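All remarks here apply to the structure that follows.
The values are calculated or read from the model by the stated rules, or taken from the named source; none is laboratory data. On a predicted model such as this, the values are computed, not experimentally measured, just so you know. Heads up, the Cβs are rebuilt from the backbone with ideal geometry, glycines too, and the neighbour counts pull from every protein chain shown. Note: areas computed on protein heavy atoms with side chains; ligands, DNA, RNA excluded. Shrake-Rupley method; radii C 1.70, N 1.55, O 1.52, S 1.80 Å.
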Amino acid sequence: MLGIIGDLVEDVVVWLSEPLRHGTDTEAEIFHTRGGSGANVASFAGRLGPTRFIGCVGNDNLGTALVQDLEAEGVDVRVQRKHVTGTVIILIDQDGERSMLPNRAAATMLDEVPDGWLDGLELLHVSAYSFNGAPVGDTVIDVIRRAKRRGILVSIDVSSTGMLAQYGIDRFLDLMVDLAPDFLIGNQSEMACLDVVVDGKPGTNAPRLTDTIIVTKAGADPTIVHQPGSEPLTVAVPPVPAVRDLTGAGDAFAAGFLTSYLATHDLQKACVGGHSSAALVLCSPGASAG
């Protein structure tokens with residue numbers, strides 16, 4: 001089983017029909033969807049194989065609806081219930097690029113993960129957003145350590161350059177060296193920010209991650225996988241006819257990549273699975289399959 005720990009929130013997705021007009025009205029379409037990087041990965045992975053989501057949502061009607069929605073997609077949901085459910089406002093410009101205004105609320109309040117919630121997991125995937133906040137940050141670090149002691153593989157998604165800036169780049173790198181995840185997944189900007197992979201080549205900080213497989217996504221350009229002791233693997237991305245909304249594409253990639261890896265233990269096939277999963281979301285609002 002693939003386990004995911006992270007945020008479960010509501011996304012309010014705003015498709016702008018024109019450039020944002022400051023101080024007045026802007027033409028737009030608005031959609032309410034389930035969101036949170038961790039929940040997005042769980043949603044897509046749940047369609048591909050046994051999946052468990054671990055997190056914290058508000059003790060409110062919205063939280064109940066989001067949990068039921070995720071369970072309806074075949075996900076085994078284990079959550080704490082407290083405070084209020086978070087919301088993220090996502091502005092999508094005409095090119096499909098996102099600007100996000102997050103209020104994570106209850107998602108930052110996870111303070112206990114029972115050992116039983118890790119039972120049966122072969123791989124635990126963590127969104128790096130979970131490190132940024134209290135008490136969730138310390139809780140997630142503890143869960144990762146417990147998972148590794150049990151022989152569970154660990155994957156970490158870098159998630160956001162904005163999150164890295166808030167958390168601290170050196171602090172995040174030190175944490176990655178300490179935790180030694182089996183996989184570190186991120187896009188070109190995130191990996192360059194960490195100076196782990198720059199222009200497709202190992203950066204100056206790459207030697208610090210001696211036991212980690214580094215997966216660098218590049219949109220429509222090939223995904224590059226750096227595995228310690230091996231030549232880089234380059235996997236082309238099949239063309240997608242039309243892209244309207246990039247929200248959730250990285251999460252969908254992680255779901256497809258990790259479930260394919262668990263099924264095959266083949267990095268090439270894992271990338272192909274990731275690309276196939278990501279392509280499903282590029283024409284629909286938010287992290288939902290079109």
Among the residues of region 11-26, write down those that are β-branched (Val, Ile, Thr) and closer than 28 Å to Arg104 by Cβ. Val12, Val13, Val14, Thr26
All but one of (1) under 29 Å from Glu27 (Cβ atoms); (2) buried (at least 16 other Cβ atoms within 10 Å of the Cβ) hold for Val79; state the number of the condition that does not hold. (1)
Give region 117-150 a look and list any residue that's of a type in the set (Gly, Ala, Ser), open to solvent by 40 Å² or more (accessible area, probe 1.4 Å) and either out of contact with any helix residue (DSSP H, G or I) (no Cβ under 9 Å at 6 or more places or on another chain) or at positive phi (or both), or say none. Gly120
May I ask you to say which residue of Gly86, Gly55 is within 27 Å of Ile156 (Cα to Cα), touching a Pro at 6+ places or on another chain (Cβ under 8 Å) and surrounded by 17 or more Cβ atoms within 10 Å (Cβ to Cβ)? Gly86
Across region 220-237, which residue is farthest from Pro202 (Cα to Cα) among those that are open to solvent by 80 Å² or more (accessible area, probe 1.4 Å) and at pLDDT below 95? Ala220
Just checking, which of Ala28, Ala65 is open to solvent by 20 Å² or more (accessible area, probe 1.4 Å), free of Cβ contacts under 8 Å to residues at least 24 places away in the same chain and either in contact with a strand residue (DSSP E or B) (Cβ under 7 Å, 6 or more places away or on another chain) or closer than 24 Å to Gly120 by Cα (or both)? Ala28
Is it the case that region 68-75 has a residue that's open to solvent by 60 Å² or more (accessible area, probe 1.4 Å), among the polar types (S, T, N, Q), closer than 25 Å to Phe253 by Cα and out of contact with any Leu (no Cβ under 9 Å at 6 or more places or on another chain)? yes
Does region 95-116 include one or more residues that are touching a helix residue (DSSP H, G or I) at 6+ places or on another chain (Cβ under 7 Å) and in a strand (DSSP E or B)? no
Enumerate the strands (runs of 3 or more DSSP E) found wholly within region 1-93, keeping only those where 2 or more residues are farther than 17 Å from Val113 by Cα. 9-16, 28-35, 85-92
Within region 124-172, residues within 18 Å of Thr51 (Cα to Cα), touching a strand residue (DSSP E or B) at 6+ places or on another chain (Cβ under 6 Å), not polar (S, T, N, Q) and not in a helix (DSSP H, G or I) come out as Leu124, His125, Val126, Ile152, Leu153, Val154, Ile156, Asp157
